[in-house]
Amino acid sequence: MTDAQILQVFGIIYLAMGIGMAVRPRYAKDLFGDMFRSTSFMWLFGIVGTVIGFLILSSRDISVDGWSILVTVIGFIALVKGLIGLAFPQLFERLGRYFVSSKPILALAMWLILLGGAVMTYLGFFVI
């Protein structure tokens with residue numbers, strides 16, 4: 001995949017998540033609460049994150065410059081999140097419960113997800 005395609009995919013997913021959180025915040029809170037209580041989901045989350053991060057990083061030239069570096073950062077974040085999720089699932093569960101129990105943090109997350117999705121979508125479709 002090209003940098004533009006990776007940013008397009010992540011951008012569209014994050015935009016959809018952010019819009020869903022804005023339109024139905026209670027549903028998002030319940031969904032996240034269920035996810036963080038599930039041991040199976042924690043393992044799946046770790047495996048998928050590790051695979052996505054590895055695939056992004058293994059297909060890239062790490063020394064890129066400009067906006068393309070964002071794709072490399074996304075790959076590193078996905079890889080580290082996945083590995084931490086596999087090695088320390090209890091940490092993710094605790095952080096997730098804190099995240100879901102705090103209305104201001106959930107609102108901040110919604111805005112960050114929306115903004116991140118908008119930026120990635122813009123860069124993927126119009127800049128890179």
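Values in this text are rule-based calculations from the coordinates and carry no lab data. For clarity, every value in this text was computed on a predicted model and none was experimentally measured. Glycine also receives a Cβ, built like all others from the backbone with ideal geometry; neighbour counts cover every protein chain displayed.
Place a point 7 Å from the Cα of Ala118 along the Cα-to-Cβ direction; which residues of segment 17-43 have their backbone N under 20 Å from it? Taking a point 7 Å out along Cα→Cβ of Ala118, the residues of segment 17-43 whose backbone N falls under 20 Å are 17-25.
Rounded to whole numbers, the Karplus 3J(HN,Hα) couplings from phi for segment 92-97 are 5, 5, 5, 4, x, 5 Hz, using 6.51 cos²θ - 1.76 cosθ + 1.60 with θ = phi - 60°, and x at Gly and Pro.
Projecting label points 7 angstrom from Cα along Cα→Cβ for Leu55 and Phe76 puts them 2.2 nm apart.
With a cut-off of 13 Å between beta carbons, the residues surrounding Ser40 carry a summed charge of -1, where Lys and Arg count +1 and Asp and Glu -1. In segment 3-116, Cα pairs under 8 Å separated by at least six residues give a relative contact order of 39 percent. Using a Gaussian network model of the chain in which every pair of alpha carbons under 10 angstrom is joined by a spring, one finds that among Thr39, Thr72, Thr50 the greatest mean-square fluctuation is at Thr39. Taking max minus min of the alpha-carbon positions on each principal axis, segment 3-116 gives extents of 40, 31, 17 Å, largest first.
Think of the chain as having a plus end and a minus end, set by charges on the Cβ of Lys, Arg, Asp and Glu; of Gly82, Phe125, Leu108, Leu108 sits farthest toward the positive end of this dipole. Simple point charges give the picture: +1 on the Cβ of Lys and Arg, -1 on the Cβ of Asp and Glu, and for the chain a dipole about the Cα centre of about 540 debye. Can you give me the Cα centroid spacing of segment 27-58 and segment 91-128 in angstrom? Answer, in whole Å: 14. Across Pro89, Pro104, Pro25, mean-square fluctuation computed from a Gaussian network of the chain (C-alpha pairs under 10 Å connected) peaks at Pro104.
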